[in-house]
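Coordinate-derived values only; no laboratory data. If you're wondering where the values come from, they're calculated on a predicted model, not measured in any experiment. Glycine gets a Cβ as well: all are built from the backbone with ideal geometry, and neighbour counts include every protein chain shown.
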Amino acid sequence: MATAGSIENIASKEKHFRGAFTNGMKGDSIFFTVSADNKTLSNLTFKGYWRCSGSLERTLTGPSGTYSINNGKVSGHLSEPPDGGSTAWRFDVDAEIKENTASGSFRMNINNLGCDTYKLQFTAVAD
């Protein structure tokens with residue numbers, strides 16, 4: 001029989017989301033983790049194609065930082081390195097996160113190198 005403590009632990013687990021883009025290349029995907037308290041998005045990962053200096057390249061990458069979630073919404077960017085620079089990677093996310101679903105937009109770019117996913121729309125579900 002489950003105790004109150006074990007039920008609380010089940011309810012408070014972080015959630016891992018996986019999603020697809022509605023306007024990206026076939027097979028492009030996005031992954032991220034939402035904290036148990038629904039206040040932080042981390043482990044953002046983009047897997048797919050982007051244009052870089054005129055070529056189409058496949059990549060698997062994401063920022064090492066976290067995004068804040070307020071009232072089920074996340075909106076912001078992270079730069080790698082954090083202090084920016086002319087060749088910094090920029091990861092923009094604007095999304096609404098519900099209990100087991102999420103939807104929104106994602107963009108990853110390096111302006112000085114001409115690399116960009118452009119603004120992609122996604123839907124995701126928790127595993």
What number, in percent, do you get for the relative contact order of the chain if the mean sequence gap of Cα pairs under 8 Å and at least 6 apart is divided by its residue count? 23 percent
Mind sorting Cys52, Cys115 by how few other Cβ atoms lie within 10 Å of their own Cβ, fewest first? Cys52, Cys115
Any chance you could run the full-extension gain for Asp83 through Ser35? It's 0.36 nm times the residue separation minus the Cα-Cα distance, nm to one decimal. 14.8 nm
Do any GluC sites (Glu not before Pro) in segment 20-127 lie in a loop, going by DSSP, with at most 11 other beta-carbon atoms within 10 Å of their beta carbon, and if so which? Glu99
Would you order Val74, Val125 from fewest to most other beta-carbon atoms within 10 Å of each residue's own beta-carbon? Val125, Val74
Hits among lysines - C-alpha to C-alpha of Lys98 under 21 Å, sequence gap 8 or more where chains match: Lys13, Lys15, Lys39, Lys73
Where a ≥ b ≥ c are the square roots of the eigenvalues of the C-alpha gyration tensor, would you call segment 55-106 rounded, which needs a/c under 1.5, or, failing that, prolate if a/b is larger than b/c, or oblate? oblate
Would you calculate, for the chain, the mean residue ellipticity at 222 nm contributed by helices, counting each DSSP H stretch of 4 or more residues as -39,500 (n - 2.57) and dividing by all residues, to the nearest 500? -1500 deg cm²/dmol
Let me know the shape class of segment 15-127, please: from the alpha-carbon gyration tensor, a ≥ b ≥ c as square roots of the eigenvalues, rounded when a/c is under 1.5, otherwise prolate if a/b is greater than b/c, or oblate. oblate
Quick check for me: using +1 on Lys/Arg Cβ and -1 on Asp/Glu Cβ, what's the dipole size of the chain about its Cα centre, in debye to the nearest 20? 300 debye
